[in-house]
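A short worksheet on the structure shown next.
The values are calculated or read from the model by the stated rules, or taken from the named source; none is laboratory data. On a predicted model such as this, the values are computed, not experimentally measured, just so you know. FYI the Cβ positions are ideal-geometry reconstructions off the backbone, even for glycines, and counts take in every protein chain you see.
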Amino acid sequence: MVTATLALTLGLAACSNMSDQDRNTAVGAGAGAVGGSVLTGGSTAGTVGGAAVGGVIGHEVDDDD
């Protein structure tokens, strides 16, 4: 649990200098990786594919609306 908390804290700190578009891409890739892994039972291809699709979607999200 301590390792997970440390990893989360360091991961969030790494995003402090990112642009909104970069941050959206990273969040989309992370969410896509988790979704792809869950939907495919943990397969590597599903995880990588989900990360790629999520990253593209996150990159295209526009918060200026």
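Here are a few things to note about the model shown:
- Considering the chain, the qualifying helices (runs of 4 or more DSSP H), each wholly inside and each with 1 or more residues that are hydrophobic (A, V, I, L, M, F, W, C) and modelled with pLDDT under 90, run over 2-14, 20-39.
For every residue, the table says whether it meets (1) touching a Leu at 6+ places or on another chain (Cβ under 6 Å); (2) among the hydroxyl-bearing types (S, T, Y); (3) surrounded by fewer than 12 Cβ atoms within 10 Å (Cβ to Cβ).
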residue: T3; (1), (2), (3): no, yes, yes
residue: A7; (1), (2), (3): no, no, yes
residue: A13; (1), (2), (3): no, no, yes
residue: D20; (1), (2), (3): no, no, yes
residue: A31; (1), (2), (3): no, no, no
residue: T47; (1), (2), (3): no, yes, no
